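A short write-up of the structure that comes next.
Just so you know, all these numbers are worked out from the coordinates, no wet-lab data involved. On a predicted model such as this, the values are computed, not experimentally measured, just so you know. All Cβ positions, even for glycine, are placed from backbone atoms using ideal geometry, and neighbour counts span all protein chains on display.
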Amino acid sequence: MSKPFPNKPVLKNNFAPVMVECDAPDLIVHGELPANLAGTLYRNGPNPMFPPLGNHHHWFLGEGMIHAINLEDGKASYRNRWVRTEQYNAQREAGERLVGTAFGEPRKPGAEKLPNNVANTNVVSHAGKLWALDEGSSPVMMDMKTLETEGANNFGGKYQGPMTAHPKFDPKTGEMMFFGYMADGPASPDISYQVVDAQGNLTRSEMFKAPYASMVHDFITTDEHVIFPIFPATIDMDRIMKGGPMIAWDPSQSTWIGIMGRNDGVDSIRWFEGDPCYVYHPMNAYTTHEGGKTKVVADVMKYSRVPLFPDVDGNKVMDLGAELGQLVRWTFDLDGNTNDYTETELNDIGGEFPRFDERFVGHEYRHGYYATMTRPEAEGAPFDTFVHVDLKTGNTKTYEPGEGCFVHEPVFVPRTEKAEEGDGYLVSLVYDGSKNLSDLVVLDTDDISQGPIARAELPTRVPFGFHGNWADAV
Ligand SMILES: [Fe+2]
């Protein structure tokens, strides 16, 4: 039996978990779903089944639930399932929480050896499977149609370490690239780098040391380079042993950006140094050779410090929404003699969850999409507006679904396989507080300010979570 959840911002309103798994075969659709929009939007986010063990709860540590909205022949259907990790299954069998949702919290006696895996951050499709990902554990494989959990993937025993929730996909080769931090144990500065082929086989795995141990949420790839950004959300074993926070903002450290040739080894990583800042999510990056000089250009959503974590003294957690990320462009001169890099602001509308037409991963691109906040922050309700930025003209278009409505990360789907970059749809979810339900929305990227061309009513709300992806029907 689960019990009432405590009154905490990330456990109430639309951050609260939903306690139902269901199948809805034919949703009410307003407007017309495009006939050529055939596939599934998968989304992942924290959805703890049991309340926290103690007084603290971190949003990042609730067990994941997958929501799948399938669109085909102008019809929409919905299915949701918890990711059945060993942690989830053991707790469900016990009927109570065994693994805490606060960083560093002791587990219930008897659960010390339970593999830790919340699988709550992102869900990608690769090699015919869904991969439910957090960043501290192995990927969890699921069936793309039934959402049945098949278990953790250790790549045939070749790699059993952590996997970022933000792998990157080479649009030409179909390869998946990923890293894992703390790859040599808790608080280690070791980072692993892996390549997985289009069939799901691990073809490369290497390890290197970052300048310090930290929370490394995402990375970037270009056609020619891999970029490992290290920001001072540090993980310091001395501090932890003294009772300090596990992950903390430490501005005494620099930002370090490691750049490696895609075909080179980790020994060749070149480190660039910048002011302390934090980036959860880059948008895209690419390599240029203008004037015979090799440069890497990376567009990122930059914060002045890490949101959602305290300083090294355990104080001053910066809440979600207290500061919006700013879309900036960093340029790294690989033929230069210094380890500096330049920064220019791309847009004055801050936000989070940057996405783009991912057929252009690692290439020059023009169109970006993200979520922003235009109204005063309501408790338990973060982003309220979708943004489309044209990086060539600097123009932006926005769509705000209205009072009491809040948005999730927008996902781009091309109109057709051969459509020009940015020609297609944004698919995402809107939570409507007046109904306490969520809708799937489809926006036309010709002009997102016109509002949805179609909207499907889901049978439940989808809690504010993290990331999702579109998979074409096969
Ligand atoms: Fe993320």
Q | Principal axes of segment 346-438: Cα extent on each, largest first, Å | A | 40, 28, 19
Q: For each pair in Lys316/Lys435; Lys397/Lys435; Lys12/Lys392; Lys75/Lys129, compute the distance between the two Cα atoms and list the pairs where it is over 31 Å.
A: Lys316/Lys435; Lys12/Lys392
**Q.** Rounded D (µm²/s) - segment 76-150, Kirkwood Rh over Cα pairs, Stokes-Einstein at 10 °C, 1.306 mPa s
**A.** 118 µm²/s
**Q.** Where only alpha carbons of segment 229-288 are counted, the Rg and the Dmax (Å)
**A.** 14.5, 47
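Add -39500 (n - 2.57) for each DSSP H run of 4 or more in the chain, then divide by its residues: what number comes out at 222 nm, to the nearest 500 deg cm²/dmol?
Numbers: 2 runs with 14 residues, N = 474.
Helix contribution divided over all residues of the chain: -500 deg cm²/dmol.
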Q) Computed over the Cα atoms of segment 154-246, what is the convex hull's projected area averaged over all directions, in nm²? A) 6.3 nm²
Q. Which order do Val20, Val124, Val83 fall in if you start with the one that has the fewest other Cβ atoms within 10 Å?
A. Val20, Val124, Val83
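Please sort by residue number the GluC sites (Glu not before Pro) in segment 10-104 whose DSSP state is loop and whose Cβ has at most 11 other Cβ atoms within 10 Å.
Values: sites: Glu21, Glu32, Glu63, Glu72, Glu86, Glu93, Glu96; in loops: Glu21, Glu32, Glu63, Glu96.
The qualifying sites are Glu32.
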Q.
I want the local charge near Glu206. Using Cβ-Cβ distances under 14 Å, sum +1 for each Lys or Arg and -1 for each Asp or Glu among the other residues.
A. 0
Q: Going by C-beta contacts inside 10 Å, put Val389, Val195 in order with the fewest on the left.
A: Val195, Val389
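Over the chain, what relative contact order in percent results from Cα pairs under 8 Å that are six or more residues apart?
Numbers: 1254 pairs, mean separation 64.1, N = 474.
Relative contact order here is 14 percent.
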Q) Where a Cα-Cα gap under 14 Å defines reach, which aspartates and glutamates qualify for Lys8, not counting those fewer than 8 residues away within the same chain? A) Asp319, Glu379
Q.
Binning at 5 angstrom from zero up to the longest distance, how are the C-alpha pair distances of segment 271-324 distributed in percent?
A. 4, 15, 19, 19, 14, 11, 7, 5, 4, 1
(Q) What Kirkwood Rh does the chain have if only Cα atoms enter the pairwise 1/r average? Answer in Å. (A) 22.6 Å
Q: Would you mind working out the magnitude of the charge dipole of the chain relative to its Cα centre, with +1 at each Lys and Arg C-beta and -1 at each Asp and Glu C-beta, to the nearest 20 Debye?
A: 1180 debye
Q: Work out Dmax and Rg for segment 49-118 from the C-alpha atoms and quote the Rg first, both in angstrom.
A: 15.2, 52
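Which trypsin sites (Lys or Arg not before Pro) in segment 383-433 sit in a loop by DSSP (not H, G, I, E or B) and have at most 12 other Cβ atoms within 10 Å of their own Cβ? Walk me through the intermediate numbers first.
Working: sites: Lys392, Lys397, Arg415, Lys418; in loops: Lys392, Arg415, Lys418.
Counting only loop positions with at most 12 other Cβ atoms within 10 Å, the trypsin sites (Lys or Arg not before Pro) in segment 383-433 are Lys392, Lys418.
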(Q) Rounded to two decimal places and with Rh computed the Kirkwood way over Cα pairs, what is Rg over Rh for segment 63-207? (A) 0.99
Q | Euclidean distance of C-alpha centroids, segment 29-61 and segment 417-452, integer Å | A | 16 Å
